[in-house]
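Here the structure is laid out as structure tokens; the discussion comes afterwards.
The values are calculated or read from the model by the stated rules, or taken from the named source; none is laboratory data. Source: prediction; values computed, not measured. Please note: Cβ atoms are built from the backbone with ideal geometry, for glycine as well, and neighbour counts cover all protein chains shown.
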């Protein structure tokens, strides 16, 4: 007896250079609203984004230090400081990947789950 085939889901993946111009797109995908942090880095804006949780956890807070090519992710007792970010992959309906040239990446999913591959 033949097993029914699972439907193939095609998701758009867009790779963009990391910088202030992609923060709004990251926010739109993850479901939050970016805001300036209450501190600056040498007169340069630092932005924050609260990613809503989908399972009764606290929101995951992302801090974007674009001039340093750095993203911090804070979630339920976890702090990830991810440096040397060069590109961002926006995976439609799923997640955002912050990539280093060396191949490591930080993933933040819709719902605020944080994954590091290094």
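Pairing each residue of the stretch 1-29 that is more than 23 Å from residue 48 (Cβ to Cβ) with any residue that is in a loop (DSSP other than H, G, I, E, B), provided the two are 6+ apart or on different chains, yields C-beta distances under 8 Å for 11/92; 11/93; 11/94; 12/92; 13/92. The single condition among (1) farther than 13 Å from residue 112 by Cβ; (2) not in a strand (DSSP E or B) that residue 97 does not satisfy is (2).
Which of the residues spanning the stretch 1-34 are farther than 14 Å from residue 93 by Cβ and either more than 15 Å from the chain's Cα centre (by Cα) or surrounded by fewer than 10 Cβ atoms within 10 Å (Cβ to Cβ) (or both)? Result: 1, 2, 3, 4, 5, 6, 7, 8.
Each row is one residue, and each column tells you yes or no for (1) touching a helix residue (DSSP H, G or I) at 6+ places or on another chain (Cβ under 7 Å); (2) closer than 22 Å to residue 111 by Cβ; (3) not in a loop (DSSP other than H, G, I, E, B).
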position: 3; (1), (2), (3): no, no, no
position: 6; (1), (2), (3): no, no, no
position: 11; (1), (2), (3): no, yes, no
position: 25; (1), (2), (3): no, yes, yes
position: 33; (1), (2), (3): yes, yes, no
position: 47; (1), (2), (3): yes, yes, yes
position: 55; (1), (2), (3): no, yes, no
position: 58; (1), (2), (3): no, yes, no
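One line per residue, one yes/no per condition, for (1) crowded, with 16+ Cβ neighbours inside 10 Å; (2) at pLDDT 95 or above; (3) at negative phi; (4) under 11 Å from the mean Cα position of the chain (by Cα):
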site: 50; (1), (2), (3), (4): yes, yes, yes, yes
site: 58; (1), (2), (3), (4): no, no, yes, no
site: 71; (1), (2), (3), (4): yes, yes, yes, yes
site: 77; (1), (2), (3), (4): no, no, no, no
site: 99; (1), (2), (3), (4): yes, yes, yes, yes
site: 106; (1), (2), (3), (4): yes, yes, yes, yes
site: 109; (1), (2), (3), (4): yes, yes, yes, yes
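Checked against (1) over 20 Å from residue 17 (Cβ atoms); (2) touching a residue at least 40 places away in the same chain (Cβ under 8 Å); (3) touching a strand residue (DSSP E or B) at 6+ places or on another chain (Cβ under 6 Å), residue 64 passes all but condition (1). Of everything listed in (1) surrounded by fewer than 17 Cβ atoms within 10 Å (Cβ to Cβ); (2) touching a strand residue (DSSP E or B) at 6+ places or on another chain (Cβ under 9 Å), the single unmet condition for residue 90 is (1).
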